[in-house]
Amino acid sequence: MQVERRAFKVAQIAVGNPDDALDILQDAMMKLVKKYAHKQSDEWKPLFYRILNNRIMDWHRQRGSRGRWMVALNPFRKGEEGEEYDPITAQADDKAIDPGRQLEAEVAGEAVVEAVKALPLRQQQAFMLRAWEGMSVNETAKSMGCSEGSVKTHYSRGLTSLRNSLEAHYK
């Protein structure tokens, strides 16, 4: 259930439409089950995200869009009592939030959206898979269909760009 919810949010952020995101997610899940059910369970996550990323890329190609991923939440924030904040789960759970904190997150989130929009697509993908999904370099490389060195480069460049453009918001 948790993987489905997180993957749905990733797809929704990528395409901007919940109906299209659900179609993409269902298509990716069906392909995983049909073609890769025989694989070891530890191989499923990178395979699933590679399928999902491919379906998202196909969706953008079909619409003639360059396919910029959007980020609606602040991935750099720490949660209550210093625990790691998971923006995808927090969004999916839709729990009541303190109004002051919610406004602060929305303002910062707008800056994050603009900063992530400005990243090239491969840097966006590396950022989403590594930082948001917590995938290893190896899993991310398999998901993106590139080398581990390429993942490291895209992720590093993306983080540097995000840090530079968001510096004023996170001092």
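The values are calculated or read from the model by the stated rules, or taken from the named source; none is laboratory data. Since we're looking at a predicted model, the values are computed, not measured. Neighbour counts run over all protein chains shown; Cβ positions are idealised from the backbone, glycine included.
What are the residue pairs meeting all of these: first residue in the range 107-132, first residue closer than 14 Å to SER143 by Cβ, second residue among the aromatic types (Phe, Trp, Tyr) and assigned to a helix (DSSP H, G or I), Cβ atoms under 7 Å, and 6 or more apart or on different chains?
Filtered contacts from the range 107-132: ALA126/TYR155; PHE127/TYR155; LEU129/TYR49; ARG130/TYR155.
Need the failing condition index for LEU73 against (1) modelled with pLDDT of 55 or more; (2) surrounded by 19 or more Cβ atoms within 10 Å (Cβ to Cβ); (3) of a type in the set (A, V, I, L, M); (4) in contact with a Gly (Cβ under 9 Å, 6 or more places away or on another chain), just the number.
Answer for LEU73: the failing condition is (1).
Quick check on the range 27-34. Is at least one of its residues among the hydrophobic types (A, V, I, L, M, F, W, C) and exposed (fewer than 14 other Cβ atoms within 10 Å of the Cβ)?
Checking the range 27-34: at least one residue is among the hydrophobic types (A, V, I, L, M, F, W, C) and exposed (fewer than 14 other Cβ atoms within 10 Å of the Cβ).
Go through VAL107, VAL112 for me and flag whichever is β-branched (Val, Ile, Thr) and crowded, with 16+ Cβ neighbours inside 10 Å.
Every option except VAL112 fails the conditions.
Output the number of the condition that ASN53 fails; it satisfies all remaining conditions of (1) within 17 Å of the chain's Cα centre (by Cα); (2) modelled with pLDDT of 90 or more; (3) of a type outside the set (Val, Ile, Thr).
Unmet for ASN53, out of (1) within 17 Å of the chain's Cα centre (by Cα); (2) modelled with pLDDT of 90 or more; (3) of a type outside the set (Val, Ile, Thr): (2).
In the range 21-34, what residues are in contact with a helix residue (DSSP H, G or I) (Cβ under 9 Å, 6 or more places away or on another chain) and either hydrophobic (A, V, I, L, M, F, W, C) or modelled with pLDDT under 90 (or both)?
Answer for the range 21-34, where residues must be in contact with a helix residue (DSSP H, G or I) (Cβ under 9 Å, 6 or more places away or on another chain) and either hydrophobic (A, V, I, L, M, F, W, C) or modelled with pLDDT under 90 (or both): ALA21, LEU22, ILE24, LEU25, ALA28, MET29, LEU32.
Can you run down the residue pairs with Cβ atoms below 7 Å, 6 or more apart or on separate chains, where the first is in the range 1-15 and free of Cβ contacts under 8 Å to residues at least 12 places away in the same chain and the partner is assigned to a helix (DSSP H, G or I) and surrounded by fewer than 21 Cβ atoms within 10 Å (Cβ to Cβ)?
Partner pairs satisfying both residue conditions: GLN12/PRO18.
So for the range 149-171 (the condition being polar (S, T, N, Q) and closer than 17 Å to ILE51 by Cα), does at least one residue qualify?
No, there is no match, as no residue in the range 149-171 is polar (S, T, N, Q) and closer than 17 Å to ILE51 by Cα.
Being part of a helix (DSSP H, G or I) and hydrophobic (A, V, I, L, M, F, W, C) is the filter here, so list the residues in the range 31-57 that pass it.
If the condition is that a residue be part of a helix (DSSP H, G or I) and hydrophobic (A, V, I, L, M, F, W, C), then LEU32, VAL33, TRP44, LEU47, PHE48, ILE51, LEU52, ILE56, MET57 are the ones that fit.
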